[in-house]
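The values are calculated or read from the model by the stated rules, or taken from the named source; none is laboratory data. These numbers were taken from a predicted model, which means no experiment stands behind them. Cβ: placed from backbone, ideal geometry, glycine included. Neighbour counts: every protein chain shown. SASA here: full protein model, heavy atoms, side chains in, ligands and nucleic acids out. Shrake-Rupley method; radii C 1.70, N 1.55, O 1.52, S 1.80 Å.
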Amino acid sequence: MKKRHLLDYSILIPYLILCSVGIIMVYSATSVSLANLNLNPMSTAINQGVFWVLSLVAITLIYKMKTKVFQNKRFILSILSIIFVLLLLVRFTPLGQVRGGAKGWIIIGSFSMQPAEYLKIMIVWYLAYILARRQTTIKKDFWGVVLHPLTITGFMIGLVLIQPDVGNAAILTLITLVMVLASGTNWFYSVLVGGIGVVGSVGLIQLFASVGQKIFPANFQYIARRFEVVHNPFIDEKDAGHQMVNSYYAIFNGGLFGRGLGNSIQKKGYLPEAHTDFMFSIVVEELGLIVSLILLGLLVFLIARIFLVGVRAKDPFNALMCIGLGAMFLIQLFINLGGILGIIPLTGITFPFLSQGGNSLLILSVGVGFALNISADEKRRRFEQQ
């Protein structure tokens with residue numbers, strides 16, 4: 001059976017719909033501000049479209065590969081080493097540029113990249129490879145198996161944290177945690193770590209909201225201010241709470257059916273980063289709550305399908321890879337929506353597939369490519385066994 005007949009449309013179709021809507025919404029969210037600056041109103045949307053074309057090419061190439069290629073140790077370590085070097089360059093050399101308070105970007109002319117985005121997929125890939133090879137020993141010697149890969153990933157996450165990019169560092173840490181807990185370890189560790197994580201997170205949010213500015217270093221003070229306004233941004237409406245307040249206004253303006261495509265009020269200078277961090281707020285304002293929930297449902301369905309492929313997979317690498325990819329999507333979704341809704345502090349994390357961001361779109365699309373390939377591989381295995 002040819003591989004194109006094994007394509008998982010339950011993953012591909014939601015991805016295509018979300019990306020298509022994303023480009024439309026990027027144009028809607030950026031065209032007014034670009035026109036006011038006498039720039040091409042379509043330039044940001046065109047850039048997003050170019051990255052989507054590159055993403056489709058990447059998905060096609062990944063899908064055509066054999067899954068054994070993904071388990072080549074030298075290949076994995078080579079890419080991981082390149083990202084490690086990029087993280088060092090972005091933090092400790094003049095190549096690194098500051099955006100959103102974090103020195104996390106390499107910008108050369110019109111080219112820009114954020115190494116932390118690429119580290120997400122590589123942590124999933126690296127841990128899936130390492131942990132899949134040690135399935136027989138992980139229950140007997142848990143710490144002996146996970147200590148070395150956790151040291152490597154922890155060091156690289158530390159490089160992201162000191163940029164300081166707390167949002168991406170949190171995503172990377174949670175992805176690592178999910179991968180370790182899904183690796184076949186004792187259920188006691190999963191319950192214990194999960195419970196500590198939930199209780200600890202709630203406690204830290206409350207602590208930082210109360211005394212954040214007193215205990216945070218100088219270059220983390222902007223994060224401390226976000227903690228202070230997380231529960232009530234109206235106490236500092238002109239400064240730290242400005243983004244969240246205007247995000248609430250956008251959601252309120254949208255109602256059930258929205259103001260209509262292109263008719264957002266908040267994107268016209270009131271809501272900074274409307275096309276990135278707060279894209280979902282603009283979607284609600286223009287398309288309404290009903291359409292927004294349908295789009296959110298599509299994304300959740302795509303994530304659930306990727307998790308399902310991982311749960312059903314017979315090959316340990318395939319299983320861990322899909323569980324890690326699903327976790328990557330789900331964590332990014334939760335952190336973005338949590339910030340918009342005031343559940344957690346704002347982190348500068350984009351909404352998957354809808355927000356403007358070429359690096360983010362490319363990496364998420366590579367994840368979709370991996371999931372499609374693994375789904376096809378597992379289908380072929382089942383057909384061969386029949």
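At a glance:
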{"read-out": "Listed residues Phe252, Phe84, Phe155 arranged by accessible area, highest first, probe 1.4 Å", "value": "Phe252, Phe155, Phe84"}
{"read-out": "Helix 166-181 vs. the chain, principal-axis angle (Cα, 0 to 90°, nearest 10)", "value": "30"}
{"read-out": "Accessible surface of Val50 - all protein chains present, 1.4 Å probe, nearest 10 Å²", "value": "80"}
{"read-out": "Helical mean residue ellipticity (222 nm; -39500 (n - 2.57) per DSSP H run of 4+; nearest 500) of the chain", "value": "-24000 deg cm²/dmol"}
{"read-out": "Residues Ile162 and Ser20, FRET efficiency given R0 of 45 Å [Cβ-Cβ distance, rounded to 0.05]", "value": "0.75"}
{"read-out": "Length-normalised contact order of the stretch 25-145 in % [C-alpha pairs under 8 Å, at least 6 apart]", "value": "14"}
{"read-out": "Solvent accessible area, Å² - Trp143, 1.4 Å probe, full protein context", "value": "140"}
{"read-out": "Ranked order, Arg382, Arg74, Arg91 - accessible area, probe 1.4 Å, largest first", "value": "Arg74, Arg382, Arg91"}
{"read-out": "Efficiency of FRET between Leu95 and Ile343 - r from beta-carbon atoms, R0 51 angstrom, step 0.05", "value": "0.90"}
{"read-out": "Of Lys66/Lys120; Lys103/Lys267; Lys64/Lys379; Lys314/Lys379; Lys68/Lys140, pairs whose Cα-Cα distance is over 18 Å", "value": "Lys66/Lys120; Lys103/Lys267; Lys68/Lys140"}
{"read-out": "Where Leu192, Leu354 fall by accessible area, highest first, once all protein chains stay in place (1.4 Å)", "value": "Leu192, Leu354"}
{"read-out": "At R0 = 22 Å, FRET efficiency that the Cβ-Cβ distance of Leu308 and Leu56 yields, to 0.05", "value": "0.40"}
{"read-out": "Simple Cβ-charge dipole of the chain, Lys/Arg +1 and Asp/Glu -1, about Cα centre, in debye nearest 20", "value": "1460"}
{"read-out": "Modelled label reach - Ile46, point 7 Å along Cα→Cβ, the stretch 1-30 residues with backbone N closer than 15 Å", "value": "27"}
{"read-out": "Alpha-carbon centroids, the stretch 332-370 and the stretch 1-54: separation in whole Å", "value": "15"}
{"read-out": "Partner lysines for Lys268 [C-alpha distance under 26 Å; skip if fewer than 8 residues away on the same chain]", "value": "Lys238"}
{"read-out": "Mean separation of Cα contacts under 8 Å, 6 or more apart, over the residue count of the chain: relative contact order %", "value": "26"}
{"read-out": "Whole-Å distance, taken between Cα centres, linking the stretch 258-273 and the stretch 136-169", "value": "40"}
{"read-out": "Per-residue SASA entry for Arg381, accessible area with 1.4 Å probe, Å² rounded to 10", "value": "80"}
{"read-out": "For Rg and Dmax of the Cα atoms in Å, calculated from these coordinates, the label among (i) 24.8, 78; (ii) 25.0, 83; (iii) 21.0, 65", "value": "(iii)"}
